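Colleague: Sending over a structure as structure tokens; questions will come in a sec.
The values are calculated or read from the model by the stated rules, or taken from the named source; none is laboratory data. Bear in mind that the values here come from a model prediction, so they are computed numbers and not experimental data. Cβ: placed from backbone, ideal geometry, glycine included. Neighbour counts: every protein chain shown. Ligands, DNA and RNA are stripped out before the accessible areas are found, and what is left, the full protein with its side chains, is counted by its heavy atoms. Shrake-Rupley method; radii C 1.70, N 1.55, O 1.52, S 1.80 Å.
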Amino acid sequence: MYKKTAFLGLFACLALIFSYVEAIVPLPIPVPGVKLGLANVLIVICLYTYGVKEAVAINFVRIILLAVLFANPYSFIYSLAGAVISMALMYPLYKSKGFSIIGVSVAGAVGHNTAQILTAMAVTGIVKLIDYLPVLIISGIITGLIIGIIGRIILPQLKKIDLERVKS
Amino acid sequence: MKKWDYILIASLTIISVVWIIIILRGQSSGEKVIVKLNDKVIYTALLNEDSEYLIKTGNDYNNLVIKDGEAYIDDANCKGLDCVRMGHISRDGESIICIPHSVIVTVESDKDNNIDFVSE
């Protein structure tokens, strides 16, 4: 139990650091709003190792801490919407067993981007932003693929450690 | 990767590519540049005349440049500078949007002018 708590804390902490690094170092791509979404590596891995409750929990902790650290209520709404929609898509796909970690991660990334555009439309009232959605779907496919591949590499290594039974 | 991964990725790619093609095909080149602040038109200019306009509200600014039939934001003090990174626009319906400053720069064709001004 303690070990699980410690590991989840570690996951949340890493996810927070990834988000922070991405916030201060933007990708050198001339398309605004495109992020790699490295934090999602941790969320997807948590979904596969511990389960959906734990994945939602560390994501929520990450978003709250980000909001506190950067004190930006707008980005809080955006990340929360992204997290909710992306988990709402990833969980059924993960459960269905028809998808690998890559499909799950692509769905999460595309869902996250879609949620961000919808939130931006709701916040600004600019309906034209919808024109930007297909670009962000494609970027979600690419970043989701990268994140999924990273997850597929890391997951078997983590399973070796056997998170539940680490001897202290 | 499993079968459904490929189906998911392929269908998402096809949908977005078709969507982008539809958006691009619907755009002919425009003639007028319209600047909106908080959804109100504050400035209009012709796309074929080189000019510069500073969109300013309080301490916020975005500098609009119209040059060689293209409009772009070359400087601004918003966070992230997404409006600068959105690049050059020249086609009807294209826009540059600065979310933090609530500024929208759109290119429109002359034909629709009356309709657009009625609907403002």
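Colleague: What helices does chain A have that are whole DSSP H segments, at least 20 Å long along their own axis by Cα, and with mean Kyte-Doolittle hydropathy of 0.0 or more?
Modeller: A:2-24, A:52-70, A:73-96, A:101-124, A:133-161
Colleague: For the protein assembly as shown, with only Lys/Arg (+1) and Asp/Glu (-1) charged at the beta-carbon, what is the dipole magnitude about the Cα centre, in debye rounded to 20?
Modeller: For the protein assembly as shown, the charge dipole is close to 2220 debye.
Colleague: Still on this structure: Under the definition of partner shielding as Cβ atoms of other protein chains within 10 Å of a residue Cβ, what is the mean value for peptide B:2-12?
Modeller: Mean partner shielding for this stretch: 6.
Colleague: Quick one: how many Å² of B:S109 are accessible to a 1.4 Å probe, rounded to 10?
Modeller: Taking all protein chains as shown, B:S109 has close to 0 Å².
Colleague: Putting +1 on Lys and Arg Cβ atoms and -1 on Asp and Glu Cβ atoms, find which of B:I55, B:G30, B:I42 reaches farthest to the positive end of the dipole of segment B:1-60.
Modeller: B:G30
Colleague: Let me have the 222 nm mean residue ellipticity of the protein assembly as shown computed from DSSP H runs of 4+ only, each contributing -39500 (n - 2.57), with the sum over all residues rounded to the nearest 500.
Modeller: Taken over the protein assembly as shown, the calculation gives -19500 deg cm²/dmol.
Colleague: So, in Å, what gap is there between the alpha-carbon centers of segment B:64-105 and segment A:96-130?
Modeller: So the two Cα centres are separated by 24 Å.
Colleague: Summarise the accessible area of segment A:2-165 (1.4 Å probe, protein heavy atoms) by the percent that is carbon and sulfur.
Modeller: About 74 percent, which is the carbon plus sulfur part of the accessible surface.
Colleague: Under a 5 Å amide H to amide H cut-off, with H placed in plane at 1.01 Å, what residues pair with A:V34 once short-range neighbours are removed?
Modeller: Counting only residues 5 or more places away or on other chains, the set is empty.
Colleague: Could you provide, to the nearest whole Å², the per residue accessible area of chain B with probe 1.4 Å?
Modeller: I get 58 Å² per residue for this part.
Colleague: Let me ask another. Show me, bin by bin at 10 Å from 0, the whole-percent P(r) of chain B based on Cα pairs.
Modeller: Per 10 Å bin, starting at 0, the Cα pair percentages come out as 13, 38, 28, 13, 7, 1.
Colleague: Please report, in debye to the nearest 20, how large the charge dipole of segment A:125-165 is about its Cα centre when each Lys and Arg carries +1 at its beta carbon and each Asp and Glu carries -1 there.
Modeller: With only Lys, Arg, Asp and Glu charged at Cβ, the dipole is about 140 debye.
Colleague: Then there's this: Excluding ligands, DNA and RNA, what is the accessible area buried between chains A and B, summed over both sides, using a 1.4 Å probe, to the nearest 100 Å²?
Modeller: Answer for the A-B pair: about 2200 Å² buried.
Colleague: Placing +1 at every Lys and Arg Cβ and -1 at every Asp and Glu Cβ, with all other atoms neutral, what dipole size does segment A:2-165 have around its Cα centre, in debye to the nearest 20?
Modeller: 460 debye
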